[in-house]
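Every number in this text was worked out from the coordinates using simple rules, so none of it is lab data. Remember, it's a predicted structure, so these values are computed and weren't measured experimentally. Cβ placement follows ideal geometry from the backbone for every residue including glycine, while neighbour counts extend to all protein chains displayed.
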Amino acid sequence: MVCEPLSRGRCGQLTLLAGFAALLALLAPACAAQDAATIERIKPSIVAVGTFDRTRNPQFTFSGTGFAVGDGSLVATNEHVLPKILDGERIETIAIAVRTPNDTVEVRRATKFAADPSADLALIKVDGPPLPTLRLGNSGAVREGELYLFTGFPIGGVLGLFPVTHRAMVASITPIVIPAARADQLDARSVRRLQTGAFRVFQLDGTAYPGNSGSPVYGPQTGEVIGVVNSVFVKGTKEAALTAPSGITYAIPAERLKALLQSAQ
């Protein structure tokens, strides 16, 4: 490359950019390998959350995603994923479905252990041996522009209970609810959150689907959970979340889940 005297600065910038691009090309395979290793380590902790009734078909009905925390007997998920009322006559129970190493699905009964409705978080107690747990990270250190992964069961009732991982950038750290311009634009959940005090959530530049509720958002290198997916911005009808997803997803910071764990134990 030949640099004329008046263009040396520009030439230097181009050389620097070319070097930076070459460095990124060298680092990309290593980063991809690290992501793959983290995802492989995370997946055994991801479970499907729903209800179980031996007398119906199918016996397990899928509602959302959860992940093991604490001592491995607890699963964190969204409060809205859990049924409001269980059918006592049919002996319906809360349950999880977990994929085993031999690629079969094991269903375990569970009970509601604790909940924080204002943050849309819940813990359920699961029967059976402890599950491999995920570590909760410092969500207060999260910054806009950082990249994370989230793993769950998008449209799990259709695509099957196979954990799926997406990438997402933290696009904004924003209040969980913004006061509406008119009273008729408020719903019960918004009113409750305004009364209990709005807190900041992570707005993710990543596409989540029905079934991703309760998915952990975690660092691609550390695997530490910094948030829990709880909603998406829907354009138009609910069906639009499938046919024309907005790509705007919200996650509850892990600090709220830490507080719920601490208060429940």
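Couple of notes before you dig in:
- Packing, as the average of other Cβ atoms within 10 Å across residues, places the peptides 56-63, 122-129 in the order 122-129, 56-63, highest first.
- Only alpha carbons enter this Debye calculation for region 86-129, each as an equal point scatterer, and the log10 of I(q)/I(0) it gives at q = 0.14, 0.24, 0.27, 0.28 Å⁻¹ is -0.45, -0.91, -0.97, -0.99.
- Seen from Gln203, the other residues with C-beta closer than 14 Å to its C-beta sum to a net charge of -1, counting Lys and Arg as +1 and Asp and Glu as -1.
- Bins of 5 Å, starting at 0 and running to the largest distance - Cα pair percent for region 43-126: 3, 16, 27, 26, 17, 9, 3, 0
- Near Val126: Cβ cut-off under 9 Å, other residues only, Lys/Arg at +1 and Asp/Glu at -1. The net charge is +2.
- Kirkwood Rh (inverse of mean 1/r, distinct Cα pairs), region 104-149, angstrom: 14.1
- Ranking of Tyr218, Tyr148 by neighbouring Cβ atoms within 10 Å, starting from the fewest: Tyr148, Tyr218.
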